[in-house]
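Here's the structure we're looking at; comments come further down.
The values are calculated or read from the model by the stated rules, or taken from the named source; none is laboratory data. Not measured: the values here are computed from a predicted model. Cβ placement follows ideal geometry from the backbone for every residue including glycine, while neighbour counts extend to all protein chains displayed. Surface areas here come from the heavy atoms of the whole protein model, side chains and all, with no ligands, DNA or RNA. Shrake-Rupley method; radii C 1.70, N 1.55, O 1.52, S 1.80 Å.
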Amino acid sequence: MADEKPSYTKYRTRPRLFGRGGDGTRHRIDDLRGDVPRPDDPNRRRLRDRFTFWRVLGYLAAAVVGWLLLSLLLFLISAQVQRQGVTGAAGGALKSSGYTLTSPNTILVLGSDARTKNSKEPGANKIGQPSRSDTIMLMRVGGGRSARLSIPRDTIVDIPGHGRDKINAAYAYGGPGLAAKTVSQYLGIDINHIVEVNFENFPAFIDALGGIDYTGGCVVSRINGGFRNGGYTLRLHRGTNHLDGKAALALARTRKNECNVRENDLSRARRQQKILSAIKGRLLSPSTFFRLPLVSWQAPKAIRSDMAGPSLLGLFGSVATSGSPPTRVLPGTPQGNGLTVADAVKQREVRLFLKG
């Protein structure tokens, strides 16, 4: 009996916030927050183990890819909705070519001088009457090419079926198709695609970009009669100006600059090419990434083209990724109320354009 061990009951206290528990494991206030594994859940991972650097980087990459895919989808949908074809006649004037991003393409950019209803701008056409092309520019893009050549609207040329006239009259006679045929015949080059600037939707596209920065001389112009007549008055100081959509459109359309009365149509063409360069610079701006879905939706609405969504996307990609070409305008000599260009000068400009 003396060797029998006494019987006893073993009790364990509940774990304290600080100190050791009955099983010898130190418990801290962090245990209650879930920052460390609990003894009864050894497979539970630490919170910081869930959000490692590479895991967070993967989440960010997935978000960026999703943002880009959303922008691409919106661009293609908008392009399909807006595509009206540049009229069936344009098809016969265009030559087939490769994809606009990887193969050299010649794009004819046109802007009509049609004005809004009740326009008071001198020289504006009445609604419903044929309009002349206000902007005539050739772009060489794709396959690493980058060149631009503006043709003054008063250049005298032979218009197929209509004799000699100012080149901008071709659009009034036969729309973009005849305009393409006229330019192709005059310069001796093939036109692959046509883009018409939609003046009504162009400001919304510029605003979607957050505006553009334009650097140039002083400009004062009154579009559609200026503010006093329900139009728009543009005032730019010399140097760099930040333009919203309405101001950018007014600058592109400015014919008479009250700040410099000696300017002519060549000056206007150079300004238009500067605007295009400013748009390109904005497309490449990091801030545009956060606006990308809105920009992607508005970009196809700012133009009309024979190109479907993928080709149009390739065009924007080519413009955004190519270099900044020098501003070139086909120089002409005043003759009567128009301009004539010597054959040698024309051939030189075409050679430089195709080489670019």
How many nm is it between the label spots at A344 and F289, if each spot is 7 Å from the Cα in line with the beta carbon?
5.2
Around K346, what is the net charge, scoring Lys/Arg as +1 and Asp/Glu as -1 over all other residues with Cβ under 14 Å from its Cβ?
0
Could you work out what % of the accessible surface of segment 246-356 is carbon and sulfur, using a 1.4 angstrom probe and leaving DNA, RNA and ligands out of the count?
58
Checked against the positive end of the charge dipole of segment 213-356 (+1 on Cβ of Lys and Arg, -1 on Cβ of Asp and Glu, about the Cα centre), the farthest of L313, G231, A252 is G231
FRET efficiency estimate (nearest 0.05) - Cβ-Cβ, L72 to T327, R0 25 angstrom
0.20
Can you pull the semi-axes for segment 197-356, root of five times each eigenvalue of the Cα gyration tensor, sorted largest first, whole Å?
27, 24, 15
R228 versus H242: modelled label distance in nm, points set 7 Å from Cα along the beta carbon direction:
3.1
